[in-house]
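What follows is one structure encoded as structure tokens, with my remarks underneath.
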Amino acid sequence: MAKGAVMLLVLFTVLSAVSEAHRPGNRALAHGRRPGADPAAPTHLHFYFHDSSRGASPSAMRVAGPANVPLQTLFGAVYVMDDPLTERPELGSAAVGRAQGVYIGADQTAMGFLQVMNLVLTSGPYNGSSLTVLGRNNPLADVREMPITGGTGAFRFARGYAQARTHTMDLKTGDANVEYNVYVMH
Ligand SMILES: *[C@@H]1O[C@H](CO)[C@@H](O)[C@H](O)[C@H]1NC(C)=O
């Protein structure tokens, strides 16, 4: 009886592993980590984020907020972005993905955004997968840390953090080039 139950359990485990591997769209999960990667070590992603509200097709724009937004804090201003992510600091370097989401002035005494965005990866081993960031971005600090709250594809069950460092910033226009280091368990 007990032996039969063990056999059934083994059979069930094998069958569910097979059906999991064959389920459409699960290729990314099966290849969730780079071959040979230490399962206890986070995956590290490094890229540059380009936020510009200038030109004919800006990648970030203010969509709501008070008419007289305080310039020191931008409290109450709501911005939407679809910002390119690149491998190197130059905008023309290899595209890695897009940062799509919103940032909202949410601090009345300093510049501090509530930033909610999906990092949608479009090349490399994680092409087609995404990570979700939800945190506080105080852009004038040297390093800002934001939690990774989840992900899709290779990043299902993701947990981790992103560190953002300003590479260059145009104080007149607010255009920013930001270096990101993302550490994620998945
Ligand atoms: C990323 O994946 C898409 C969809 O499979 C594919 O069309 C595209 O060529 C890939 N991009 C790169 C840079 O590998």
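The values are calculated or read from the model by the stated rules, or taken from the named source; none is laboratory data. The model shown is predicted, which means the values in this text are computed figures rather than measured ones. Reconstructed Cβ throughout: ideal geometry from the backbone, glycine too, with neighbour counts over all protein chains shown.
Can you find even one residue in region 66-78 that is under 17 Å from GLY174 (Cβ atoms), within 16 Å of the ligand (Cβ to nearest atom), of a type outside the set (Gly, Ala, Ser) and touching a strand residue (DSSP E or B) at 6+ places or on another chain (Cβ under 9 Å)?
no
Within region 144-177, work out how many residues are within 13 Å of the chain's Cα centre (by Cα) and in a strand (DSSP E or B).
Number satisfying all stated conditions: 14.
So the check is Cβ under 8 Å with 6+ separation or different chains; which pairs have a first residue in region 109-126 that's on the phi > 0 side of the Ramachandran plot and a second one that's more than 16 Å from the ligand (Cβ to nearest atom) and not charged (D, E, K, R)?
No pair meets every condition.
Could you list, in sequence order, the residues of region 93-118 that are among the charged types (D, E, K, R) and either within 18 Å of VAL78 (Cβ to Cβ) or outside any strand (DSSP E or B) (or both)?
If we filter region 93-118 for residues that are among the charged types (D, E, K, R), which is where we start, we get 98, 107.
ASP107, the sole residue that qualifies.
Suppose we keep only residues that are of a type outside the set (A, V, I, L, M) and within 16 Å of the ligand (Cβ to nearest atom) within region 144-177. Which one would you say is surrounded by the most Cβ atoms within 10 Å (Cβ to Cβ)?
Going through region 144-177, the residues of a type outside the set (A, V, I, L, M) turn out to be 144-145, 147, 149-153, 155-157, 159-161, 163, 165-168, 170, 172-175, 177.
Going one step further and asking which of them are within 16 Å of the ligand (Cβ to nearest atom), we end up with 152-153, 155.
Details: THR152: 18, GLY153: 21, PHE155: 26.
My answer is PHE155.
In region 61-85, which residues are surrounded by fewer than 17 Cβ atoms within 10 Å (Cβ to Cβ), aliphatic (A, V, I, L, M) and in a loop (DSSP other than H, G, I, E, B)?
Residues satisfying the conditions are ALA67, VAL69, LEU71.
Looking at MET117, MET146, MET169, MET111, can you tell me which residue is modelled with pLDDT under 95 and of a type outside the set (Asp, Glu)? Walk me through how you get there before you give the answer.
On the way: MET117 fails: modelled with pLDDT under 95; MET146 fails: modelled with pLDDT under 95; MET111 fails: modelled with pLDDT under 95.
After applying the criteria, what remains is MET169.
Answer yes if at least one residue in region 110-126 is over 18 Å from ALA60 (Cα atoms), crowded, with 16+ Cβ neighbours inside 10 Å, out of contact with any Gly (no Cβ under 6 Å at 6 or more places or on another chain) and hydroxyl-bearing (Ser, Thr, Tyr), and no otherwise.
yes
From the set of residues in region 119-143 that are in a strand (DSSP E or B) and polar (S, T, N, Q), which is nearest to the ligand (Cβ to nearest atom)? Break it down into steps so the answer makes sense when it comes.
If we filter region 119-143 for residues that are in a strand (DSSP E or B), which is where we start, we get 119-121, 130-137.
Now narrow it down to the ones that are polar (S, T, N, Q): 130, 132, 137.
Working: SER130: 12, THR132: 19, ASN137: 28 Å.
Looking at residues that are in a strand (DSSP E or B) and polar (S, T, N, Q), I get SER130.
Being within 16 Å of the ligand (Cβ to nearest atom) and surrounded by fewer than 18 Cβ atoms within 10 Å (Cβ to Cβ) is the filter here; which residues of region 86-99 pass it?
Of everything in region 86-99, those that are within 16 Å of the ligand (Cβ to nearest atom) and surrounded by fewer than 18 Cβ atoms within 10 Å (Cβ to Cβ) turn out to be GLU87, ARG88, GLY92, SER93, ALA94, ALA95.
Give region 83-140 a look and list any residue that's among the hydroxyl-bearing types (Ser, Thr, Tyr) and within 20 Å of SER53 (Cβ to Cβ), or say none. Break it down into steps so the answer makes sense when it comes.
Going residue by residue through region 83-140, those that are among the hydroxyl-bearing types (Ser, Thr, Tyr) are 86, 93, 103, 109, 122-123, 126, 129-130, 132.
Across region 83-140, the qualifying residues are THR86, TYR103.
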